[in-house]
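These notes are about the structure you will find just below.
The values are calculated or read from the model by the stated rules, or taken from the named source; none is laboratory data. Just so you know, these numbers come straight off a predicted model, no measurement behind them. We place every Cβ from the backbone using ideal geometry, glycine too, and count neighbours over all the protein chains shown.
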Amino acid sequence: MSAVNDSKSTHSVFLLTGISGQEDVHLWIAIPFCLVYAILILGNSVILFIIKTDPSLHEPMYIFLSMLALTDLGLSTATMPTILGVLLFNTREISLNACFTQLFFIHFTQTTESSVLLLMALYRFVAISNPLRYTSILTLPRIAKMGLLCVLRGVAFILPFPLLLERYRYCRDNVLSHSYCLHQEVMKLACADITVNSIYGLTGSLLVMGLDALLIFLSYVMILKTVLSVASRAECLKALNTCVSHLCIVLLFYTPEISLTVIHRFWNNSSHLLEIILGYVYLLVPPLMNPVVYSVKSKHLRERLIRLFVK
């Protein structure tokens, strides 16, 4: 396959890569990926169905959980078709426009999910500090506005990525190291000065996802401070127990991302296979585990799940 010469050409393509060195067993590797995809689609869809059909679950926590499930479905839907295409059918070619579209939706859903996790942390703080008034503070119209703000924030931050990339010519090696498109990888293939993309991507990530992580941390500092002021030890433990599921999801979301960032920027001699595995973990494990974590930790949701499947 010749190198890509012009980003405006309809014949220009990128080549996706599966798991390097494991091409002979791609078909077997695809089996667990198919299972993971089916389970996460089923799990998040069931969560959405239960929350929508049960009026008693139309509370702030479950509304935020439904937002999280929607972003997880969007992220998996944006990535899995090309991953399975490479592993099952060795379909490696992807056009520039399709690649730009995919990277937009991948980064958009990741940014939106980060915003939703921040909203869930703020909700926990409000619920613990104002246990009798939090439902009047976090009304459904306000939550809807918060969700819309998360979407608009994600679009405003991510939309410049494909618009900037579309202006470049691509005359270098057009082989991507993953089976999906990411901005930080595609921009390196451009035959142009990518300083603007590099600075904007790093600055935007720090101001959006970095700021979200910092605010989540500060929220839990305030939660801990509030909980420690409670006289009863049992009430203190009960309040902290309500935060466990959200903390697990935050760790599942941010730990692989931070690890990948450290590897890309400070550990250049790391194994390429490790980067690929972390990339798959980052994209697939949070959408898979989020419904599991909340189903286990939420008594009301667990009861309705059992009732649904028993019927």
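Here Leu138 fits the description: under 21 Å from Cys243 (Cα atoms) and in contact with a Pro (Cβ under 7 Å, 6 or more places away or on another chain).
Residues of the range 297-311 that are in a helix (DSSP H, G or I), surrounded by 14 or more Cβ atoms within 10 Å (Cβ to Cβ) and of a type outside the set (Lys, Arg): His300, Leu301, Leu305. Would you say Leu84 is crowded, with 22+ Cβ neighbours inside 10 Å, in contact (Cβ under 8 Å) with a residue 40 or more places away in the chain and at negative phi? When the stated conditions are applied, Leu84 does not pass them. All but one of (1) modelled with pLDDT of 80 or more; (2) farther than 18 Å from Ser45 by Cα hold for His272; state the number of the condition that does not hold. It fails just one condition, (1). Across the range 127-154, which residue is nearest to His107 (Cα to Cα) among those that are surrounded by 13 or more Cβ atoms within 10 Å (Cβ to Cβ) and at pLDDT 90 or above? Per the criteria, the residue is Gly154. Every condition in (1) in contact (Cβ under 8 Å) with a residue 40 or more places away in the chain; (2) more than 18 Å from the chain's Cα centre (by Cα) is met by Cys191 except one, and the failing one is (1). Test of understanding: among Ser20, Ser56, Ser9, Ser66, which residue is among the polar types (S, T, N, Q), surrounded by 13 or more Cβ atoms within 10 Å (Cβ to Cβ) and at pLDDT below 90? That would be Ser9, the only listed residue that is among the polar types (S, T, N, Q), surrounded by 13 or more Cβ atoms within 10 Å (Cβ to Cβ) and at pLDDT below 90.
Does Val25 meet the test of being out of contact with any strand residue (DSSP E or B) (no Cβ under 7 Å at 6 or more places or on another chain) and at pLDDT below 85? Yes: the conditions hold for Val25. Residue check: is Thr79 surrounded by 21 or more Cβ atoms within 10 Å (Cβ to Cβ) and within 18 Å of Asp212 (Cβ to Cβ)? So Thr79 fails the test.
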